[in-house]
Amino acid sequence: MTSWRSLPPLAALRAFAAFVDTGSVTRAGAELNVSHAAVSQQLRALEAHLGLALFDRGGRELALTAEGRLLAEATTAGFDGIAKVVEVLTGTQAGRPLQVTTTPSFAAGWLMPRLADFRAHHPEIDLAIDPSGGLRTLGPGGYDVALRFGDGTWPGYDSRLLVRSRAVVVAAPSLVGNTPVADMAALARFPWMQELGTNEASAFLQARGLTQSAGITSLPGNMMIDAARNGQGIAVTARAIVDADIAAGRLLLLFEDDKDTGYYVVTPKGTLRPAAQAFVRWAVSQARESGTGG
């Protein structure tokens, strides 16, 4: 890893970033509240420190060389990243809604029935909930928290178990009959369904070498469960979502995976803004109270 001690002076990098941002030595000086001569001095000092020509001075205006453009990309990304973290740490994002992403099925089956409790304890926090099957990138200025199904491993993120649940294959008795199916290959002739944004049904079939002829429908998770209850297809989902349906006989359990999976609260590594911290604490406490947490 390159040590910060080998980096050029911060003043020179700030002058360079200001030039890149404004496109002019004069405007960069105004941005930094210094003279254009001071900016020019810092830019020459930066070139001397690196031993590289960062600017083409052949025209009326300074232009970046190939090396200058590479450094411009790095400094812009670096200062932007620092600015976003500072916003988080200083609370300047306090007025931005807390953005939570989760699947439609988990939103409908677990989050929404409990959300009134969160509102009662934190009326000051504005929420924006994105019920989507697709994975969202978490980080400063974007999504704060994800509630996701898996084994707890999301590289680059922290996770805590909320609901322990295995993946299952279910269908209505009106579609497949009232007795457990011994031969999974026989199910390939039925229509299958999977949550929009996932490939759970197709992956299940392919892993078992089954050729599916009736088609796979992808739709939001809550709509998929309703369709499964109505006998419109075989669904792949998390057992926690359909446990009540299995117990009531509305859905028949056809297969249950043996992998240790569940729904997790997933967050970026590092310090969370206060609203995100409050939501994570609340979600974990809700899981603990219901006896489903890790």
Inset, instruction - Quote the charge dipole size of the chain about the Cα centre in Debye, to the nearest 20; the model charges only the Cβ of Lys and Arg (+1) and of Asp and Glu (-1). - result: 280 debye
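With every protein chain kept in place and ligands, DNA and RNA left out, what is the accessible area per residue of the chain? Probe 1.4 Å, answer in Å².
On the way: 15620 Å² over 294 residues.
Per residue, the chain has an accessible area of 53 Å².
Which longest run of the chain has no exposed loop site in it, a site being trypsin sites (Lys or Arg not before Pro) in a DSSP loop with at most 12 other beta carbons within 10 Å, and the site itself not part of the run?
Numbers: sites that count: Arg57, Arg60, Arg208, Lys259, Lys269.
My reading of the result: 61-207 is the longest stretch.
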Legend entry - Cut-off under 5 Å, modelled amide H: who pairs with Leu254 long-range: Val169, Val170, Ala171
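Where does the charge balance sit around Lys259 when Lys and Arg score +1, Asp and Glu -1, over other residues with C-beta under 13 Å from its C-beta? Show your work: numbers first, answer last.
On the way: positive: Arg164, Arg166, Arg239; negative: Asp151, Glu200, Glu256, Asp257, Asp258, Asp260.
Spelling it out: positives minus negatives among the neighbours equals -3.
Let me spell out the model: positive unit charges on the Cβ of Lys and Arg, negative unit charges on the Cβ of Asp and Glu, origin at the Cα centre of the range 140-230. What dipole size does that give, in debye rounded to 20? Display every interim value, and only then the final one.
Details: 7 positive and 7 negative charges, 42 e Å.
Charge dipole, the range 140-230, about its Cα centre: 200 debye, nearest 20.
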Legend entry - Shape call, the range 108-173: gyration tensor on alpha carbons, a/c limit 1.5: oblate
Inset, instruction - Give, in nm to one decimal, the length gained when the segment between Thr65 and Arg189 is fully stretched (0.36 nm per residue of separation minus the Cα-Cα distance). - result: 38.4 nm
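Using a probe of 1.4 angstrom, how much of the accessible area of the range 187-294 is carbon and sulfur, in percent? Please list the in-between numbers first.
Details: 2440 of 5050 Å².
Carbon and sulfur together cover 48 percent of it.
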Legend entry - For the range 135-147, Karplus couplings with θ = phi - 60° (6.51, -1.76, 1.60), whole Hz, Gly/Pro x: 6, 10, 7, 9, x, x, x, x, 5, 8, 9, 10, 10
Legend entry - At R0 = 22 Å, FRET efficiency that the Cβ-Cβ distance of Arg160 and Asp260 yields, to 0.05: 0.90
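Calculate the translational D of the range 147-253 in whole µm² s⁻¹ from Stokes-Einstein, where the hydrodynamic radius comes from the Kirkwood formula applied to all Cα pairs, the temperature is 37 °C and the viscosity 0.692 mPa s.
Numbers: Rh = 14.5 Å.
Here the translational diffusion coefficient equals 227 µm²/s.
The values are calculated or read from the model by the stated rules, or taken from the named source; none is laboratory data. Model, not experiment: these values are computed from the prediction. A quick note on method: Cβ atoms are made from the backbone with ideal geometry, for glycine too, and the neighbour counts reach across all protein chains shown. Note: accessible area is taken over every heavy atom of the protein model, side chains too, but ligands, DNA and RNA are not part of it. Shrake-Rupley method; radii C 1.70, N 1.55, O 1.52, S 1.80 Å.
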